[in-house]
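See below for the structure under consideration.
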Amino acid sequence: MALKLGRIPNMGRPINHHEIHTTKEFAVAKFLAINAVKPFTPTQAEALMREEVEVVTRQYLEGKIEQFWGRQDGPGGVMILGTSSREEAQSWLEALPLTREGFLTYELIPIGPLSQLNVLLQKTSPATR
């Protein structure tokens, strides 16, 4: 499925409730990055973790990584990346030592405003806005 970047669908016209759940077009604001971890030895961890922490901290301070969390369902983590460009998000993740060395892989999911909230705005009369 190709991702279409652009304006939020349905703005300025009545909303078809069926369209809300089936549209493929939406505004991408950020990316959610979910990682999977391949096992590594304590020696490998010692060699890479200091650099990993430095790079993640630098990216956080630069605003590239807005949030990062540990997974509670197993090893790994998730990050919210502050870019609307898939290529830029991928380049930031590829700069991480554990990714570069093949210990982390990522699923990138585009996220943006919850456009379904437009339904609520359409139901509000002009006098109450």
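The values are calculated or read from the model by the stated rules, or taken from the named source; none is laboratory data. In this text the structure is predicted, and so the values were computed from the model without any measurement. FYI the Cβ positions are ideal-geometry reconstructions off the backbone, even for glycines, and counts take in every protein chain you see.
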Inset, instruction - Give just the number: which of (1) charged (D, E, K, R); (2) in contact with a helix residue (DSSP H, G or I) (Cβ under 7 Å, 6 or more places away or on another chain); (3) farther than 23 Å from residue 29 by Cβ does residue 94 not satisfy? - result: (3)
Inset, instruction - Check the stretch 65-77 and report whether any residue there is at negative phi, at pLDDT 95 or above and acidic (Asp, Glu). - result: yes
Legend entry - Verdict on residue 81 being surrounded by 15 or more Cβ atoms within 10 Å (Cβ to Cβ) and within 12 Å of residue 33 (Cα to Cα): yes
Legend entry - Where residue 97 falls short, out of the listed (1) surrounded by 14 or more Cβ atoms within 10 Å (Cβ to Cβ); (2) free of Cβ contacts under 8 Å to residues at least 24 places away in the same chain; (3) of a type outside the set (A, V, I, L, M, F, W, C): (2)
Legend entry - Odd one out for residue 85, checked against (1) at pLDDT below 95; (2) under 20 Å from residue 53 (Cα atoms): (2)
Legend entry - Of the criteria (1) surrounded by 12 or more Cβ atoms within 10 Å (Cβ to Cβ); (2) at pLDDT 90 or above; (3) farther than 18 Å from residue 109 by Cα, which one residue 20 fails: (2)
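Give 25, 52 a once-over and let me know the one that is at pLDDT 90 or above, acidic (Asp, Glu) and either surrounded by 13 or more Cβ atoms within 10 Å (Cβ to Cβ) or within 20 Å of the chain's Cα centre (by Cα) (or both).
From the options 25, 52, the qualifying one is 52.
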